[in-house]
Amino acid sequence: MDTDNKNAKTDPPAQQAYSWPLAYMKKETYKEGDVLFKKGDKADKMFYIAKGVIMLPEIKKSINAGQVIGEMGIFSPYNERTASAVCQEDVEVYTMGRDEVIKFFGQDPNLAITLIQTSFKRFIENLRRETEAKERIESELRIARDIQASMLPRTFPPFPDRSEFEIFALMEPAKEVGGDFYDFFFVDKNKLCFLIGDVSGKGVPAALFMSISKTLLKNEALRGLSVKDVVDRVNNILCPDNQLCMFVTVFCIILDLTTGEMEFSNGGHNPPLICGNGRCFEFVNVPKGCVLGAIENSKSGSGKLTLRPGDVIFLYTDGVTEAMNPKNELFSDGRLKDSLAKLTEKSVTEIAQVMREELRVYAQDAPQSDDITMLVLKYYGKKG
């Protein structure tokens, strides 16, 4: 038992008050990299570390020789491992099964109290580390959200020297970062490209795919291609090596500001609504086309319309029509149309902002299930 006493000297203060009966425990050896147990596994035994170091990867904490691990799972009401345990080097441990631990504690209540105190202190330390890690992740996600938001035009009015139109857009992600996007830019002096998109999924992967899609669409549009060629070319660029099978829906428009002629291409997106000057908003009957990134050489739906001075076009993602209330009822296309009917005399900024507030009222306390994005443009045409 001299070896036992030597090991006992390396115990932390909370564990020096007792000596484990190693002679009655099972000796086990593990190699570097071996996994003793994983988080969520059933807790069937406790480990006294005689030699080596064990890492708890979820909280990046090392447990050295002379200490005990696995007791938190034994004490847990769910009898589950609260963290994983991986051998950082070759390890020698002595184990005691759950039933043996309970029986042993019955014979030595002081030992039980001491170990429970140790377990409680370890729980507090683990909780502190997990909280710090969570706060670090949340901070990084906030930074990612800010970076993503900076990619979207946010200065309104964006072209104060142009009187042919006014435009406004907003995007609110369901998570810290999202997959919705919008953009608008001139492809030449008199042609404005504006678009809206919605990437499958949410979170960081969707945000990355969103940034790629948005960049490709702008780059191709600035080459002077037709809007249909822009969307179809981006689809073929996205398809190869798309191992995650992500896709994006897009509605892209190039508007000739001198004539009001609007060429559009629809890559599986929701149809926009147009309000003729003083009339109600109506859904535009457009071919749907195929989503981008799913099938190489697939074709988008395309067409032409002509806007008249005073016309307003409303683009949106399905986070608008599929917003849900506490009864899991969708906001719906019909409710969107009815809501816009009350806003025909409003500015583009007011239309988007009032619609966003109406969605909040409709959802009440229900969590936002999808990104919400809107883009509104009013065409005035050339003056004089």
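Rule-based calculations on the coordinates, nothing more; no lab input. Computed from a predicted structure; not experimentally measured. Ideal geometry is used to build each Cβ from the backbone, glycine not excepted, and the neighbour counts take in all protein chains shown.
Compute the length gained on full extension between Phe185 and Asn79: take 0.36 nm times their separation in residues and subtract their Cα-Cα distance, giving the result in nm to one decimal.
In short, 32.3 nm is gained.
If packing is taken as the average number of other Cβ atoms within 10 Å across a peptide's residues, how do 165-172, 185-192 rank, most packed first?
Going from most to least packed, we get 165-172, 185-192.
What is the Cα convex hull volume of region 181-337 when expressed per residue in Å³?
Given the Cα convex hull of region 181-337, per-residue volume reads 112 Å³.
Which value in nm describes the separation of the simple spin-label points at Tyr24 and Asn64, placed 7 Å from the Cα toward the beta carbon?
Result: 2.9 nm between the two label points.
At 7 Å along the Cα-to-beta-carbon direction for both Thr215 and Ser347, put a label point, then send me their distance in nm to one decimal.
Going from the Thr215 label point to the Ser347 one covers 3.4 nm.
Order of 292-299, 28-35 by packing, highest average Cβ count within 10 Å first?
Numbers: 292-299: 17.8, 28-35: 12.9.
In decreasing order of mean packing, 292-299, 28-35 become 292-299, 28-35.
Please express the shape of region 209-253 as an equivalent ellipsoid: the semi-axes are the square roots of 5 times the eigenvalues of the C-alpha gyration tensor, given largest first in whole angstrom.
Equivalent ellipsoid of region 209-253: 18, 10, 9 Å, largest first.
Please give, to one decimal in nm, the separation of the simple spin-label points placed at Asp333 and Ala366, each 7 Å out from Cα toward the Cβ.
Roughly 1.9 nm, to one decimal.
Just subtract the alpha-carbon distance of Lys383 and Arg128 from 0.36 nm times their residue separation and send over the number in nm, one decimal. Can you show the working numbers first?
Values: separation 255, 0.36 × 255 = 91.80 nm, distance 6.44 nm.
Roughly 85.4 nm would be gained on extension.
If you wrap region 263-379's Cα atoms in a convex hull and average its projection over all directions, what's the area in nm²?
Working: hull surface 31.2 nm².
Averaged projected hull area, Cα only: 7.8 nm².
Measure of size requested: the Rg and Dmax of region 251-291, with Cα atoms as the atom set and Å as the unit; please supply both.
Looking at region 251-291, its Cα Rg and Dmax stand at 11.5, 34 Å.
Suppose R0 equals 22 Å. What FRET efficiency, 1/(1 + (r/R0)^6) with r the Cβ-Cβ distance, do Arg142 and Arg356 give to the nearest 0.05?
The calculated FRET efficiency here is 0.55.
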